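Asks: Pasting a structure below so you can have a look.
The values are calculated or read from the model by the stated rules, or taken from the named source; none is laboratory data. Bear in mind the structure is a predicted one, so any value in this text is a computation, not a measurement. Positions of Cβ are generated from backbone atoms using ideal geometry, with glycine treated the same way; all protein chains shown enter the neighbour counts.
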Amino acid sequence: MKSKKLDDNSPTKNDVKGAKGLAQLVKDGRYAEPTTARCLCRTPCGKENWRSLTEDLKTVQGQMHSWIDRNFPEFLKVFKKWEGKAALQFLQLYALPHEIADLPIHLRKTAK
């Protein structure tokens, strides 16, 4: 809040001081309200982008489930969900079952 320097230039910060600063700005009318036209024109674009991203996400999720079912049928028995941190790390390190099978025995135990 740059206007804080006009009222109080001390370096300390706390909730009471912040609330007091905001109240002073509103009281003095030192704020700008967004124009309605600008908000309205952005909303449909935002909704369309959200819809598009949601559809893309569903497509990718379906592709991942299909790939996992084909290549790692036991994967979801080991990991609760494929989007979890451990599951994603595992998929990144060992993309295919034969890569795990090719590991030396002592590394295979740590890969599990």
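Asks: What single numbered condition from (1) surrounded by 10 or more Cβ atoms within 10 Å (Cβ to Cβ); (2) modelled with pLDDT of 75 or more; (3) outside any loop (DSSP other than H, G, I, E, B) fails to hold for residue 42?
Replies: In the conditions (1) surrounded by 10 or more Cβ atoms within 10 Å (Cβ to Cβ); (2) modelled with pLDDT of 75 or more; (3) outside any loop (DSSP other than H, G, I, E, B), residue 42 misses (2) alone.
Asks: List the pairs whose first member sits in region 58-81 and is on the phi < 0 side of the Ramachandran plot, whose second member is among the polar types (S, T, N, Q) and not in a loop (DSSP other than H, G, I, E, B), and whose Cβ atoms are under 9 Å apart, counting only residues at least 6 apart or on separate chains?
Replies: none
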